Amino acid sequence: MIGSRRKAAIIGIGETDYVGDWKKVRAGERVTDAYGYGARAFKAALADAGIARDRIDGVIVGQSTAYERMCETVGLNVRWGGRQDAGLAVIEACMAIETGAANVVALIYGNDQRSASTQYGGTQAMGGDLFLSYVYHTPWGLTSQGALYALMMNSYSAQTGFDRADLGYIGVAQRQFASLNEQAIMRKVITHDDYLASPYICEPLRLLDYCLVNDGGVALILAEAGLARALSNRPVYVEALGRYDLNRGATSLEPRFDDFYHPAHAVVREQVFGDAGLDLADIDSFQVYDSFSAHVPLALEGYGYCAVGDVGRFLREDGIGPGGVLPTNTSGGHLSESYMQGWNHQVEAIRQLRGTCGARQVEDCRRVHYSADIAGKAISIIYGTD
């Protein structure tokens, strides 16, 4: 396990107005840039935490902005910081707190990907340094992440017998949650027939298997656990952290094609459950990084929420939507709420544990499991409350 349990807690969360900004950007208005979105989210998180800005002595920014410039933008002069994706930002913040590098760390993410016309496919793909190798697959037509995930799902179906139509139950469940979330961009309820009627983008992935591309910002404020209890009457603790990398062929998603990341899932499962004294039965909600729906079945099987080869039945019969056995991506996730590259999943986990999600609230929510497996890394975080 990376670090020990409950050494840090989240005391503040903030997001921008996904729906309002979506409407403005689609109408041709440029609202702000990536730094502006991050600053707006940070301001909201600071107000939510109820602390003064000068209490913060560490900052980690998302991969779409520069650390130094974001600190300048929000007026922070800290002693420690860096730049990471959502899951690793939480892990590094906890490490900083546990080692004494910082006591209160702000995580700030902003992205103007929609208004900036960012491309995540084609010869002009701008998916981040880890993903730029995708353009080298141009001679074979695989110029986007979606194309490679489609290839992965075809391989997965061939090896396990998974019915590709069962992917539709993921989008349907997440849209049910999104319909109950005023912050979600896509709220119109869809049926499985609607899913099957949606066009293929890259077979077997249909339009409703793809995430949104929208502008926005997210911020979290973490503090050392004892300090968090003094500063907040509703801290949410980081119960366990796990990470395992499969680096060989990672940029071309080879670990997914060969074994669907299950070896990495197995190691991380032991880190966050076995070493932390937790069990799958302790988890009340699952938040899965879902740039494509394809992430979800692999995570469900990899962490043992269902047996390998049984995920289709699990999605159809047990369910991951409202009232299901394992409520998953309860905000609507990247498919229906907002594509904030894993950052909005952290906020949803905190809201579920605070019990502030209204109609989509998971009853008696005590622990939430977040999972991301991209570019050779399997990452898990378990959040808990008292």
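The values are calculated or read from the model by the stated rules, or taken from the named source; none is laboratory data. Since this is a predicted model, take the numbers as computed values, not measurements. A quick note on method: Cβ atoms are made from the backbone with ideal geometry, for glycine too, and the neighbour counts reach across all protein chains shown. Protein only, heavy atoms only, side chains kept; ligands, DNA and RNA dropped before computing areas. Shrake-Rupley method; radii C 1.70, N 1.55, O 1.52, S 1.80 Å.
Looking at R40, is it in contact (Cβ under 8 Å) with a residue 24 or more places away in the chain, touching a strand residue (DSSP E or B) at 6+ places or on another chain (Cβ under 9 Å) and surrounded by fewer than 17 Cβ atoms within 10 Å (Cβ to Cβ)? Criteria not met by R40.
Taken together, G217, G146 contain a single residue that is under 30 Å from Y67 (Cα atoms), part of a strand (DSSP E or B), in contact with a Phe, Trp or Tyr (Cβ under 7 Å, 6 or more places away or on another chain) and in contact (Cβ under 8 Å) with a residue 60 or more places away in the chain, which is G217. Residues that are in contact with a helix residue (DSSP H, G or I) (Cβ under 7 Å, 6 or more places away or on another chain), open to solvent by 20 Å² or more (accessible area, probe 1.4 Å) and free of Cβ contacts under 8 Å to residues at least 24 places away in the same chain within the range 191-205 comprise T191, P199, listed in sequence order. Starting from residues that are more than 21 Å from the chain's Cα centre (by Cα) and in contact (Cβ under 8 Å) with a residue 40 or more places away in the chain, keep the ones in the range 7-25 and report whichever is farthest from G384 (Cα to Cα). The qualifying residue farthest from G384 (Cα to Cα) is V25. For the range 18-37, a tally of residues being part of a helix (DSSP H, G or I) and open to solvent by less than 50 Å² (accessible area, probe 1.4 Å) returns 9.
Mind checking which pairs have a first residue in the range 342-355 that is more than 17 Å from D85 (Cα to Cα) and a second that is part of a helix (DSSP H, G or I) and open to solvent by 10 Å² or more (accessible area, probe 1.4 Å), Cβ under 9 Å, 6 or more apart or different chains? From the range 342-355, the pairs are Q352/R360. Figure legend. Inter-residue proximity from the range 319-337: first residues without any contact (Cβ under 8 Å) to a residue 40 or more places away in the chain, second residues open to solvent by 10 Å² or more (accessible area, probe 1.4 Å) and part of a helix (DSSP H, G or I), beta-carbon distance below 6 Å, spacing 6+ or different chains. Indicated pairs: V325/D318.
When G309, G324 are screened for being of a type outside the set (A, V, I, L, M, F, W, C), touching a Gly at 6+ places or on another chain (Cβ under 9 Å), open to solvent by 10 Å² or more (accessible area, probe 1.4 Å) and assigned to a loop (DSSP other than H, G, I, E, B), only G309 passes. Here is a check on your reading of the model: is E301 of a type in the set (D, E) and more than 20 Å from the chain's Cα centre (by Cα)? Taking the combined requirement at face value, the residue does not satisfy it.
Going by the structure shown, is A281 within 14 Å of the chain's Cα centre (by Cα) and in a helix (DSSP H, G or I)? Taking the combined requirement at face value, the residue does not satisfy it.
Filtered by the rule that a residue be of a type in the set (A, V, I, L, M, F, W, C) and open to solvent by less than 50 Å² (accessible area, probe 1.4 Å), the range 63-90 gives A66, M70, C71, V74, L76, V78, A86, L88, A89, V90. Being buried (at least 20 other Cβ atoms within 10 Å of the Cβ) and either without any contact (Cβ under 8 Å) to a residue 40 or more places away in the chain or not in a helix (DSSP H, G or I) (or both) is the filter here, so list the residues in the range 91-102 that pass it. If the condition is that a residue be buried (at least 20 other Cβ atoms within 10 Å of the Cβ) and either without any contact (Cβ under 8 Å) to a residue 40 or more places away in the chain or not in a helix (DSSP H, G or I) (or both), then E92, A96, A102 are the ones that fit.
With respect to (1) hydrophobic (A, V, I, L, M, F, W, C); (2) surrounded by 18 or more Cβ atoms within 10 Å (Cβ to Cβ); (3) in a helix (DSSP H, G or I), the lone exception for I60 is condition (3).
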